[in-house]
């Protein structure tokens, strides 16, 4: 095994772990199906490209070995990282929607801000999870004692407090 193949194998395994962790979010219905579909297509597309003569000549021009096994490893590794990137974008979209934040704005920021800084900014500035009010069903922050929409106490099943049913 050449040194480049060993590096590609390690990078492939790291990318696989990242993709597996992100796919775990799919079981909680956070990832949109479109992100999973794009991620699933990324791997075979990159493998097919780097296995082609055009992809192998690109690898050779960049100083990589252009043999078929090396090209397949490179395509697989590049595909896994591309899939992990799109899964991470899907997670940002799904999580931002769940937290009632501007989802597309955060996806665009995570995509355009380089070196994963966009993702880091999202996780630093994301809002708290919102849960439904036990009375009106409107979203409120978890742990709030009263609903900001209807005034219902969230710690008990007592309905809305009005001037008519207050005790003096």
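Restricting to the range 58-74, and then to whatever is farther than 18 Å from residue 45 by Cβ and surrounded by fewer than 16 Cβ atoms within 10 Å (Cβ to Cβ), can you tell me which residue is modelled with the highest pLDDT?
Ranking the qualifying residues of the range 58-74, first place goes to 61.
Only one of (1) under 25 Å from residue 131 (Cβ atoms); (2) assigned to a helix (DSSP H, G or I); (3) at pLDDT 85 or above fails for residue 101. Which number is that?
Looking at each condition in turn, residue 101 falls short on (2).
Restricting to the range 40-93, what's the tally of residues that are in contact (Cβ under 8 Å) with a residue 60 or more places away in the chain and farther than 24 Å from residue 121 by Cβ?
9
Does residue 50 satisfy the criteria of being touching a helix residue (DSSP H, G or I) at 6+ places or on another chain (Cβ under 6 Å) and under 17 Å from residue 9 (Cβ atoms)?
yes
The values are calculated or read from the model by the stated rules, or taken from the named source; none is laboratory data. All values reported here derive from a predicted model rather than from experimental measurement. Here Cβ is always computed from backbone atoms with ideal geometry, including for glycine, and neighbour counts include all displayed protein chains.
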